[in-house]
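Single-structure report; data block below.
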Amino acid sequence: MNAIRTRTRGALRAAGRGFILSLASLVGSLTLFVWTVLSLVFIPLGVGVLTTPYVLELVRRHANRRRLLAVTWSGIRVPVPYRPFPKDLRTGFTGQVERTTLMLKDPATWRDLQWLLADMTAGYVVATLATALMLYPLEGFVLAAGLWRVFTDDRYWYGFVPVDSQASGLAAAALGLALLATGVLVNDRLVRLHFVIARALLAPTQEQELVRRIDRLTETRHEAVDTAASELRRIERDLHDGAQARLVAMGMNLGTVEALIEKDPAQAKKLLAMARESSAEALTELRDLVRGIHPPVLAERGLGDAVRALALRLPIESEVGVELDGRADAAVESAAYFAVSEALTNAAKHSGADRVWVDIHHADAVLRVSVTDNGRGGASVGSGSGLSGIERRLGTFDGVMAVSSPAGGPTMVTMEIPCELS
């Protein structure tokens with residue numbers, strides 16, 4: 001009985017979603033399709049150059065909302081294939097012409113138009129059917145209630161209700177019950193079919209995906225080279241300003257000790273103590289430098305224990321959860337470790353949080369790490385920010401990062417790196 005009740009609630013929920021989707025398909029997609037066609041037609045007259053970017057932007061927003069509903073309601077992921085605009089895009093009329101040209105050259109734009117056409121036809125029919133399968137049985141129930149009066153009230157057996165009406169009511173009630181049972185069984189599948197149709201046209205083609213992957217690999221390769229060069233400069237600077245300077249000072253002190261060891265033993269002993277202190281400080285700085293390059297605990301104990309050790313050094317309370325059945329490649333572990341380190345540093349310095357949670361697990365050949373704090377929120381990925389550094393670091397391994405940080409918090413940074421554990 002509970003199973004039937006659950007299936008019925010699911011079918012009713014799917015019917016409501018089908019109603020929303022049918023309105024979006026008939027009103028939204030049809031309107032945007034007409035606007036887009038008119039705007040494209042008016043391009044030779046000059047008017048379309050001004051209106052096309054705005055209309056196509058509305059189309060993309062409409063498609064992105066459908067992508068969001070697809071993953072929220074049916075768990076169907078539809079990647080976003082749009083090409084980014086160049087950073088040096090001009091403003092004014094010239095900029096509008098450039099935007100129009102770039103958007104019309106993007107294959108995703110024309111796939112969006114194909115989707116609008118399919119959405120206001122096949123998509124509308126599928127979504128409407130999910131609603132109709134639950135609404136039509138209401139008429140059958142009303143007729144069934146009338147039939148009950150026929151069978152329980154003797155007056156109806158003496159000519160007040162024609163026999164053909166009784167038969168029609170019985171047939172309608174039976175049809176309604178059949179449609180209800182069909183709706184309970186297939187409504188969720190109909191909503192999913194609606195999103196499958198959308199995915200077939202909104203998702204990038206294999207060729208587009210390959211081009212995007214090549215572009216991303218080229219970009220991340222340049223970023224990896226720049227990051228490595230920057231890291232080498234940092235190491236050189238830290239060695240020059242830290243350990244090297246202390247070792248030079250220690251050598252000078254030892255030279256002075258050699259000259260004073262017989263003439264002034266007390267002063268020589270004092271200089272030896274200073275040299276010993278300098279050597280200890282130099283050793284500490286070298287250890288910190290090595291830890292910044294590749295922490296020993298990461299190499300010896302793995303990502304989980306390395307992140308736990310990292311969290312223990314935070315000035316705020318932390319909780320780390322790890323579910324890993326093995327270890328990833330050293331380069332992947334290093335990228336994940338320093339990405340978590342940067343996220344934790346941001347949480348401790350800028351969020352105003354007093355507690356942070358880290359969750360690390362591996363599923364479906366993807367290493368997933370989330371860092372959540374209860375701070376003030378408002379974090380964003382911008383040029384030069386620590387979060388954009390994390391994004392660049394993950395991009396070297398085809399990894400991605402998502403940031404959820406509404407005003408008032410909480411902030412959640414989610415990172416994913418495709419990898420296998422061994």
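The figures follow:
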{"item": "Failed item, numbered, when E391 is tested on (1) buried (at least 16 other Cβ atoms within 10 Å of the Cβ); (2) part of a strand (DSSP E or B); (3) free of Cβ contacts under 8 Å to residues at least 60 places away in the same chain", "result": "(2)"}
{"item": "Any hit, the range 275-282, residues being touching a Ser or Thr at 6+ places or on another chain (Cβ under 6 Å), of a type in the set (A, V, I, L, M, F, W, C), crowded, with 16+ Cβ neighbours inside 10 Å and modelled with pLDDT of 75 or more", "result": "no"}
{"item": "Residue among T100, T72 that alone is surrounded by 13 or more Cβ atoms within 10 Å (Cβ to Cβ) and either outside the structural domain of R212 (by TED's automatic domain parsing) or touching a helix residue (DSSP H, G or I) at 6+ places or on another chain (Cβ under 7 Å) (or both)", "result": "T100"}
{"item": "Test: residue in the range 46-57 that is within 27 Å of H194 (Cβ to Cβ) and under 23 Å from the mean Cα position of the chain (by Cα)", "result": "yes"}
{"item": "Enumerated helices (runs of 4 or more DSSP H) restricted to the range 286-362, each holding at least 3 residues that are closer than 18 Å to T414 by Cβ", "result": "303-312, 330-350"}
{"item": "Test for L102: is it under 19 Å from L38 (Cβ atoms) and not basic (K, R)", "result": "no"}
{"item": "Test set (1) touching a residue at least 40 places away in the same chain (Cβ under 8 Å); (2) among the charged types (D, E, K, R); (3) closer than 22 Å to Q244 by Cβ - D325 fails condition number", "result": "(3)"}
{"item": "Condition check for A309: in contact with a Pro (Cβ under 8 Å, 6 or more places away or on another chain) and surrounded by 13 or more Cβ atoms within 10 Å (Cβ to Cβ)", "result": "yes"}
{"item": "Which numbered condition S39 fails, given (1) out of contact with any His (no Cβ under 6 Å at 6 or more places or on another chain); (2) touching a residue at least 24 places away in the same chain (Cβ under 8 Å)", "result": "(2)"}
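The values are calculated or read from the model by the stated rules, or taken from the named source; none is laboratory data. Please read these numbers as outputs of a predicted model, since none were measured by experiment. In this analysis, Cβ positions are derived from the backbone assuming ideal geometry, glycine residues included, and neighbour counts consider all displayed protein chains.
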